[in-house]
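> Structure in structure tokens, see below.
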Amino acid sequence: MADGSSKGIVVVGSGAFGTALAAVASASDKVPVTLLARRESVIDDIKSTGRNEEALPDIDLPQSLQVSLNQTVLQAADIVLFAMPSQAQREAARSLFGFIRPGTDVVICAKGMERSSGRLLTDVVAEELHLHNVAVLSGPGFAADIAKGLPTAMAIAAETNERAAYLAEALSSPTFRLYPSADRIGVQLGGALKNVLAIACGIVEGAKLGDSARAALISRGLAEMSRFIAARGGEAETVRGLSGLGDLVLTATSHQSRNLRYGIAIGREGSVRKETGELVEGAFAASVAAAVAAELHVEMPITDAVAAIIDGRLDVKSALEQLMTRPIRQE
């Protein structure tokens, strides 16, 4: 917006995270906020109960939050949040291309890379929407905590610091604080890789290797993230912030984390469960990151091990032995 203010926000995706973001944005009463859903049952649920029981049970949503199935609501939005899973971002952008006006700020609210290409989600969505101003929101924040109004801080990265600051101001609330960044590469890769590392920490917990082993994985995982981000053209120091260290600590230690729970199950059972009933973004990101790292000649032993376990190329015991017996050297 030329005048520096937003006149409308639409959140695309009525899952837990999308619903939480719509709720916190609507509760701030800055501008009209609409949650755009695909299923009529979700709309009926919210209108009749004031809740999205399927995604966020027992959490009341603000009365000011609007809900819709009609994609034309996007035409009045100045900020659009894409809150669908990472692997659905391209299809969603392609289907919504005709409804999003030029100059609209689109914010990716998923953590991952495109599985088929290894590309960043900002690049994927910008390509489909023919937009340059595609930002990304990432960091330590569980949907339920955000929706309940519990204190949460995340990072938002845009093409410029000025644009990131505008979006941070437009989307922040007293309990939901966004901190601007111009490092879209680092913020995105931190969000994607922390899910992989959380699976690794879950495997360690499930195998009962102790908290010291978890701490070692977190610290060595940060080193992996830093190397990978730098090789992809981002800023290595971004891993020290909310989208790196902050998000990794949360996801690797809290049982609210789907990725951690997935890893725990693998560690306990010694193999991958094919059906978890949950979306585990790290399971998609592991093999993608490992393949891209190999192309860039970046050493990522933890990511490689998680990818090999998930792909069925390595059993848990062998993977842990390889990680624990790596050469001792300065990195």
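The values are calculated or read from the model by the stated rules, or taken from the named source; none is laboratory data. This structure is a prediction, so every number in the text was calculated from the model and none was measured. Methodologically, a virtual Cβ is constructed for each residue, glycine included, from the backbone with ideal geometry; neighbour enumeration extends over all protein chains shown. Note: areas computed on protein heavy atoms with side chains; ligands, DNA, RNA excluded. Shrake-Rupley method; radii C 1.70, N 1.55, O 1.52, S 1.80 Å.
> Using the beta-carbon distance between SER318 and LEU150 and R0 = 51 Å, what value does 1/(1 + (r/R0)^6) give for FRET efficiency, to the nearest 0.05?
Result of the calculation: an efficiency of 0.80.
> Measure up LYS30/LYS148; LYS47/LYS111; LYS111/LYS194 against 20 Å on the Cα-Cα distance and list the ones that go over.
Too far apart for the 20 Å limit: LYS47/LYS111.
> To the nearest 20 Debye, how big is the dipole of the chain about its Cα centre, given +1 on the beta carbon of each Lys and Arg and -1 on that of each Asp and Glu?
Working: 32 positive and 38 negative charges, 91 e Å.
Taking the Cα centre of the chain as origin, the dipole is about 440 debye.
> What is the percent carbon and sulfur in the accessible area of the chain, measuring with a 1.4 Å probe over the protein chains and ignoring ligands?
About 51 percent, which is the carbon plus sulfur part of the accessible surface.
> In segment 88-197, which chymotrypsin sites (Phe, Trp or Tyr not before Pro) are in a loop and have at most 16 other Cβ atoms within 10 Å, using DSSP for the loop call?
When the chymotrypsin sites (Phe, Trp or Tyr not before Pro) of segment 88-197 are filtered for loop state and at most 16 Cβ neighbours within 10 Å, PHE97 remain.
> Cα convex hull of the chain: how many Å³ per residue?
Once divided by residue count, the hull of the chain is 125 Å³.
> How big is the Cα convex hull of segment 140-258 in projection, averaged over all directions, in nm²?
Quarter of the Cα hull surface area: 7.3 nm².
> Put +1 on the Cβ of every Lys and Arg and -1 on every Asp and Glu Cβ in the chain; which of GLY270, VAL249, ILE100 then has its Cα farthest towards the positive end of the dipole?
GLY270
> Separate question: Round to a whole angstrom and tell me the spacing of the C-alpha centers of segment 7-50 and segment 208-272.
Taking the Cα centre of segment 208-272 as reference, the centre of segment 7-50 is 30 Å away.
> With +1 on each Lys and Arg Cβ and -1 on each Asp and Glu Cβ, and nothing else charged, work out how big the dipole of segment 180-331 is about its Cα centre, in Debye to the nearest 20.
Taking the Cα centre of segment 180-331 as origin, the dipole is about 240 debye.
> Follow-up. Net charge near MET84: determine it from the other residues with C-beta under 11 Å of the C-beta of MET84, scoring Lys and Arg +1 and Asp and Glu -1.
Net charge in that neighbourhood comes out at +1.
> Let me ask something additional. Identify all aspartates and glutamates with a Cα-Cα distance to LYS317 below 12 Å; exclude those on the same chain that are fewer than 8 residues away in sequence.
Those aspartates and glutamates meeting the cut-off are GLU269.
> Express the relative contact order of the chain as a whole percentage, based on alpha carbon pairs under 8 Å and six or more residues apart in sequence. Please list the in-between numbers first.
Numbers: 677 pairs, mean separation 46.0, N = 331.
Normalised by residue count, the contact order of the chain is 14 percent.
> Another one. Could you give the size of the charge dipole of segment 115-161 about its Cα centre, using +1 on the Cβ of each K and R and -1 on the Cβ of each D and E, expressed in debye and rounded to the nearest 20?
Approximately 200 debye in magnitude.
> Please give, to one decimal in nm, the separation of the simple spin-label points placed at GLN66 and ASP29, each 7 Å out from Cα toward the Cβ.
It is 1.8 nm.
> To the nearest 10 square angstrom, what accessible area does VAL298 show with a 1.4 Å probe?
Counting only protein heavy atoms, the figure is 20 Å².
> Could you tally the net charge around MET225, taking each other residue with its Cβ under 12 Å from the Cβ of MET225, Lys/Arg +1 and Asp/Glu -1?
Charge balance near MET225 sits at +1.
> Quick check on the chain: helices-only [θ] at 222 nm, where DSSP H runs of length 4 and up contribute -39,500 (n - 2.57) each and the sum goes over total residues. Nearest 500, please.
Computed ellipticity for the chain at 222 nm equals -14500 deg cm²/dmol.
> Of the residues PRO151, PRO32, PRO140, which exhibits the maximal mean-square fluctuation in a Gaussian network model of the chain defined by a 10 Å Cα contact cut-off?
Among PRO151, PRO32, PRO140, the largest GNM mean-square fluctuation belongs to PRO151.
> For the chain, what does the accessible surface come to per residue with a 1.4 Å probe? Please give it in Å².
On a per-residue basis, 44 Å².
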